[in-house]
Each structure stands twice: as structure tokens, then as C-alpha cells.
Amino acid sequence: MEILGIDIGGSGIKGALVNAETGEMLTERFRIPTPKSKKPKAMAKVVAKIVEHFNYEGPVGCGFPSIVKNGVCLSPGNLHKSWVGVNIDELFTEYTGHEFTVLNDADAAGYASMNYGVGKGKNGLVIMITIGTGLGSGAFLNGVLIPNFELGQIPYKKHKKIEAWAAASAKERENLSFEKWGKRFNKFLQLVELIVSPDLIIVGGGTSKNWEEFSHHIDIETEVIKAELMNHAGIIGAAVACLREQHHGHLH
């Protein structure tokens, strides 16, 4: 079963064909930078280009960097504020002519880890944290997704949300060393542990490829492990979710 998975991020929109049974990527990842405006129509055009690139026919799974409920964007995340209230599934279906299943990007990455990666067979409360432009989080209880578990939105000190202080974008913006940034990320994990008491935390997203540079700064009681699917997890998980979840972007 070949399904196109698309992972939308604050800096890039990426896609690949995935074997939804094995979780294996069947093609190279194709990436187009996220439009500077980060507005709905501009981004929908890029999504359409990715679908065209693969000459693909069929439903599409898509991870989106924000709170998504029944296909509708409830918060702009790191995108333009005009996204709020947009039915993402329907917008992308309109621009591509394909049925879409859109879910939160950390939920998608979590799907990949729980089905094919280090989370497979893990019971209890497992939290997936993705480090990128923001801090995404996906939650699974005994393998079942609890959607939109957005822990990066926790207010912290003067920041409206802790991801503004502890995501990879903050590291770049303030030119922080891995040591300084790693301490911030650990502070975030301390709050996650305090609030939800997980049984396991899996760390993924772009920055997880530098695991050796910052993992020694992680000092919490909960077991913390690196996701081994790395930056491909969002694409793989989106394709799998397309099979498991309902298509909200229906063709008329």
C-alpha cells in the first residue's frame, strides 16, 4: 500500500511515498521551502507541487505544525494567523484534487515511532517530542493517540509559550551553544514530567540528529530516548495516519 506522506514545517514542506504496511520510505524526500508569507493559499500551492512531483494518485496523509481538530486549524502555531479556522483538509483537497487527512505534525511523528520505531509495543503514557521551529508533542496511551497534546504551548516566565524559548528556532535566533540550549530543553522536559508524568519520552524532529551534543544535559526521572526515524518520522507517520484516521478532505 503506497501512500504519499507530507510533513509541513515552519521552514520546509517535505513529501515522500511510503509503504504504509512496513513504514518504509519508497522514494527520496522531496522538499520545497515553506513560503515566507506562511499563508494558507501560498502553502496549499506548494503542497500541490509536491503531489504533482510524485505523479501520485490516491489519498494523502499530512502532518501540520499546529492544533488540528477534525481537519480544522485551531491555532496558527508558527504560521500566519489567517490559518485559524481554516479547514486544512478541504483546502488541500481543493488545490490538489486528492483526499487529505491532516493531523498535528508531532502526532504524525508519534504514529511513526509507535508503529515502526522505538515506541512499538510500549504501553503506558508515551510522549513524543519533536524539536524544530517549535516544540511539538504527541501523546499515546497504550498505543492509542491522544490528539493535540500541545505541551510546547505551556507559558514560561515572560514567554507566551515555552517553545519560543526552548525550540531549535530559539537556539538559532540567539546563537546558543548546545550546552546552553540543552539546559533549556531539559527545563521543558522537567515541566512535561511534572504536568503529565509520562512513562516514556521519545525525542525526534530535526534537532534529534544532534542527540550526542545535548542528551547529557537531559536530567529527569522519566526515561528519554531518541527516535531513530529522525526527520522522516513526520512523513512516515502522516502516511500511516491516512490509513488509520478519517479523510476529512473529501472529493465532491
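The values are calculated or read from the model by the stated rules, or taken from the named source; none is laboratory data. Model, not experiment: these values are computed from the prediction. Cβ atoms come from the backbone with ideal geometry, glycine included; neighbour counts cover every protein chain shown. In case anyone asks, the SASA skips ligands and DNA or RNA and just uses the protein heavy atoms, side chains included. Shrake-Rupley method; radii C 1.70, N 1.55, O 1.52, S 1.80 Å.
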Would you please name the residue that is surrounded by the most Cβ atoms within 10 Å (Cβ to Cβ), looking only at residues in the range 1-53 that are of a type in the set (A, V, I, L, M, F, W, C) and part of a loop (DSSP other than H, G, I, E, B)? 20
How many residues are out of contact with any Cys (no Cβ under 6 Å at 6 or more places or on another chain) and either in a loop (DSSP other than H, G, I, E, B) or open to solvent by 20 Å² or more (accessible area, probe 1.4 Å) (or both) when one looks only at the range 54-83? 20
Based on this model, can you work out whether residue 42 counts as outside the structural domain of residue 134 (by the TED database) and in contact with a Ser or Thr (Cβ under 7 Å, 6 or more places away or on another chain)? no
Out of the range 125-143, which residues are in contact (Cβ under 8 Å) with a residue 40 or more places away in the chain, open to solvent by less than 20 Å² (accessible area, probe 1.4 Å) and more than 21 Å from residue 9 (Cβ to Cβ)? 126
Please list, ordered by first then second residue, the pairs with beta carbon atoms under 6 Å, 6 or more apart or interchain, first in the range 18-31 and closer than 12 Å to residue 238 by Cβ, second assigned to a loop (DSSP other than H, G, I, E, B). 20/1
Where residues in the range 211-233 are modelled with pLDDT of 90 or more and under 19 Å from the mean Cα position of the chain (by Cα), which of them is least open to solvent (accessible area, probe 1.4 Å)? 227
Only residues that are open to solvent by less than 10 Å² (accessible area, probe 1.4 Å) and in a helix (DSSP H, G or I): list them for the range 194-210, please. 208
Residue in the range 175-189 that is on the phi < 0 side of the Ramachandran plot, open to solvent by 70 Å² or more (accessible area, probe 1.4 Å) and not in a helix (DSSP H, G or I) present: no
Which of the residues spanning the range 91-114 are in a helix (DSSP H, G or I), open to solvent by 30 Å² or more (accessible area, probe 1.4 Å) and at pLDDT below 95? 105
